[in-house]
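Right, one structure below, let's go through it.
The values are calculated or read from the model by the stated rules, or taken from the named source; none is laboratory data. Quantities reported herein were computed from a predicted structural model and do not represent experimental measurements. Glycine gets a Cβ as well: all are built from the backbone with ideal geometry, and neighbour counts include every protein chain shown. These area figures cover heavy atoms from the full protein model, side chains too; ligands, DNA and RNA do not enter into them. Shrake-Rupley method; radii C 1.70, N 1.55, O 1.52, S 1.80 Å.
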Amino acid sequence: MSIRDVYIVDAVRTPIGKFGGALASVRPDDLAAHVVRALVDRSPALDPARVDDVYFGDANGAGEDNRDVARMAVLLAGLPVSVPGVTVNRLCGSGLEAVIQAARAIALGDASVAIAGGVESMSRAPWVLQKPERAFPAGHQQLHSTTLGWRMTNPRMPAEWTVSLGEGAELVADKHGITREQQDAFALASHRKAAEAWAKGLYDDEVVPYPEVALTRDECIRDSTSMEALAKLKPAFRTEGGTVTPGNSSPLNDGAAALLLVDEDGLRETGREPLARIRTSAVTGIEPQLFGLGPVEAVRRALGKAGRSFADLTTFELNEAFAAQSLGCLAEWPELDPEIVNPRGGAVAIGHPLGASGARLAGSVAHQLAAAGSGTGLAALCIGVGQGLALVLER
């Protein structure tokens, strides 16, 4: 059996909303449906019934995104009921996992046309109540927030594995001697690059605002922030000697992203030139508390499978869960030119809607390669509980 080439024809995303912000009133299944509909509308030559499957990443799935949000997106977007949908969860890597699974189905001949993406509404993530072991308990019961991080943790998990995500970032900072000033400088650069990219119209071909919501740009970008302003913020996770603050961490966000993937036959049906071709991917595991360094080995493996090196990269989208973990990864890739990393800003400024971020990164790499006309790009994320995921694209 021959392996088919897989092409990214198009990629769209919503502007990323801040927690409790402009998109907080929008259900996650509606966010997902919006990007699916926008993606289909941008390829009018393609019959929507030709979509063989829809893959969507979703990290929480505890609220309005329950009941297979991918299938809900298909139905709410008005696609034919014959189009199926599957929701995948690899926490922060869910959106990229969806892209990889869709690409794998096409490469193996199980599909010719697929949509892959991700969605998260951290604003609308509910509180959940565990069922008591016995009915009608007399005492108080605990609600758990599903917005982010550990909850209802298995007591068999070693305590060092279940530290908060922010403490995990502090551990990476400890490991690599990353200072508060370095983290703040990284965060400032993220905001400046993102603001400049928007000012230059570099996101115009990619972002599809949600109708009837007054949000046309990523909501968390701070054009006027400074090292002085960032320095005033208190550490959020360690009271003594902490370096990780709200200013050098990704915020809580809402948003969705989607990509159209095809084989050669599907490409002809769209009548479009592809943005990029999917080359290889890799996933790896690491100690849960050092999750921030998860991409280190995943990136090396993905590049190795593609027969490429860091020197071959044109652009690299690395999810900025925290400035500390991004700097930690960069410290372990001395061969990589940091100037090609997140040239249009990263998650510290743009935001990190968990299940959507991986799809946003893959779409951004594809658009950047199309703008350049040629090259090799890479998208990678760290993943809570200790994983890394990477995807290599070419044009």
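Lysine pair count for the chain with Cα-Cα distance under 29 Å and sequence separation of 8 or more or different chains is 10.
Backbone N atoms of region 143-170 closer than 13 Å to the 7 Å Cα→Cβ label point of R134 are not found in any residue. Across region 126-236 the C-alpha pair distances fall into 10 Å bins from zero in the proportions 10, 23, 26, 25, 13, 4, 0 percent. Using the Cα gyration tensor of region 205-313, with a ≥ b ≥ c the square roots of its eigenvalues, what is the shape: rounded (a/c below 1.5), prolate (a/b larger than b/c) or oblate (neither)? Cα axes put region 205-313 in the oblate bin.
In terms of its alpha-carbon gyration tensor, region 26-128 comes out oblate; a/c meets the 1.5 threshold, while b/c is at least as large as a/b. Looking at region 159-215, none of the chymotrypsin sites (Phe, Trp or Tyr not before Pro) sits in a DSSP loop with at most 10 other Cβ atoms within 10 Å of its own Cβ.
Calculated translational diffusion coefficient of region 95-181 (37 °C, 0.692 mPa s; Stokes-Einstein with Kirkwood radius over alpha-carbon pairs) equals 185 µm²/s. Think of the chain as having a plus end and a minus end, set by charges on the Cβ of Lys, Arg, Asp and Glu; of G241, A102, I286, G241 sits farthest toward the positive end of this dipole. For region 277-395, the direction-averaged projected area of the alpha-carbon convex hull comes to 6.3 nm². Taking all protein chains into account, the per residue accessible area for the chain stands at 41 Å² (1.4 Å probe). Below 8 Å between Cα atoms, with a sequence gap of 6+, how large is the relative contact order for region 207-265 in percent? Relative contact order, region 207-265: 18 percent.
What are the trypsin sites (Lys or Arg not before Pro) within region 175-234 that DSSP puts in a loop, where the Cβ has at most 11 other Cβ atoms within 10 Å? Answer in residue order: K200, K232.
Rounded to the nearest percent, how much of the accessible area of the chain (1.4 Å probe, protein heavy atoms only) is carbon and sulfur?
Carbon and sulfur together cover 52 percent of it.
Take every pair of alpha-carbon atoms less than 8 Å apart whose residues are at least six positions apart; their mean separation over the length of region 8-101 yields a relative contact order of 30 percent.
Let me make sure I get this right: for region 23-65, a, b and c are the square roots of the gyration tensor eigenvalues over alpha carbons, sorted descending. Under 1.5 in a/c it's rounded, otherwise prolate if a/b > b/c, else oblate. Which is it? Oblate is the answer for region 23-65, as a/c is 1.5 or above yet b/c matches or exceeds a/b. Sorting the segments 278-288, 68-78, 256-266 by their residues' average number of neighbouring beta-carbon atoms within 10 angstrom, most packed first, yields 256-266, 68-78, 278-288.
Just in region 280-387: which GluC sites (Glu not before Pro) are loop by DSSP and have at most 14 other Cβ atoms within 10 Å? Don't skip to the end; give the middle numbers.
Numbers: sites: E297, E317, E320, E332, E335, E339; in loops: E320, E332, E335.
Hits after loop and neighbour filter: E335.
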